[in-house]
Amino acid sequence: MGKPSGDFVALNAAVMTVSDSRDASSDSSGDYLREALTEAGHQVVDHAIVPDNRYRIRATLSRWIASEDVQVVLINGGTGFNSKNSTPEALLPLLDREIDGFGELFRMISYEEIGSATLQSRAVAGLANQTLLFAVPGSTGACRSAWERIIEAQLDARTRPCNFVSHLKKL
């Protein structure tokens, strides 16, 4: 991670869990991401558990992307290779610009933890209407790895040589 400098900027975030089986009592990955965002100094302004259906996912994401109150969206679940998993198909058409390196870096990190099974991860990220979106696997371990090793630093305006904060909509 780059050396921090400058001032911290608190961001407004939304968290989506994509799952056909989780509910508020069993959403450990969504809980983790909301806690991690809050502990880092950001505000969670909305969250949702959405069935693994590309149109339901897209409807919620579109609302957040259009909102003046959401700068970052963290999505967990629906990124596997199973034919039912549809998060990338829901997200990619909404993006103005894909962040190719995110999926590559996530799979590199994931390889250290789960070996070649990381080939089945379809983690993606991008920017839409100056809203940053990250989609990661639904396991809490994968969410923790993505947050601690990639996302947290990129949501911190002090991270050098670069971060994504300057690319986000201003509130």
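The values are calculated or read from the model by the stated rules, or taken from the named source; none is laboratory data. None of the values given here were measured: they were computed from a predicted structure. All Cβ positions, glycine included, derive from the backbone under ideal geometry; neighbour counts span all protein chains shown. Only protein heavy atoms, including side chains, enter the accessible area calculation; ligands, DNA and RNA are left aside. Shrake-Rupley method; radii C 1.70, N 1.55, O 1.52, S 1.80 Å.
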Kyte-Doolittle cut-off -0.5, length cut-off 18 Å along the helix's own axis using Cα: show which whole DSSP H helices in the chain pass. 100-114
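For ARG144 and ASP96, compute 0.36 nm times the residue count separating them, minus their Cα-Cα distance, and round to one decimal in nm.
So the chain would gain 14.6 nm between ARG144 and ASP96.
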Would you mind working out the accessible area per residue for the chain, using a 1.4 Å probe, and quoting it in Å²? 49 Å²
Label-reachable residues, segment 69-99, where backbone N falls under 18 Å from a point 7 Å from SER21's Cα toward its Cβ: 76-87
Nonlocal amide H pairs with VAL124, under 5 Å, H built at 1.01 Å: ALA135
Tell me which residues come under 5 Å, amide H to amide H, from ASN76 once H is placed; ignore anything under 5 positions away on its chain. MET16, THR17, VAL18, VAL136
Calculated FRET efficiency for the pair GLN43/ARG160, C-beta based, R₀ 30 Å, to 0.05: 0.80
Can you tell me how segment 39-171 classifies by the Cα gyration tensor, rounded, prolate or oblate, using a/c under 1.5 as the rounded cut? oblate
Looks like segment 21-88, by Cα gyration tensor root eigenvalues a ≥ b ≥ c and the a/c under 1.5 rounded cutoff (else prolate when a/b is bigger than b/c, oblate otherwise), is oblate
Once Lys and Arg are counted +1 and Asp and Glu -1 for all other residues with Cβ under 14 Å from that of LEU127, the total becomes -1
Pair-distance profile P(r), taking every C-alpha pair of segment 1-114, with 10 angstrom steps and integer %: 12, 38, 39, 9, 0
In whole percent, the fraction of accessible protein surface over the chain that belongs to carbon or sulfur atoms, probe radius 1.4 Å, stands at 50 percent
Subtracting the Cα-Cα distance of PHE8 and GLN120 from 0.36 nm times their residue separation yields 36.8 nm
If I model a spin label as a point 7 Å beyond the Cα along the Cα-Cβ vector, how far apart are those points for GLU112 and LYS84 in nm? 3.2 nm
Working only with C-alpha atoms, what are the Rg and Dmax values of segment 119-164, expressed in angstrom? 11.6, 33
Which whole-number percentage describes the relative contact order of segment 1-90, with Cα contacts under 8 Å and a sequence gap of 6 or more? 38 percent
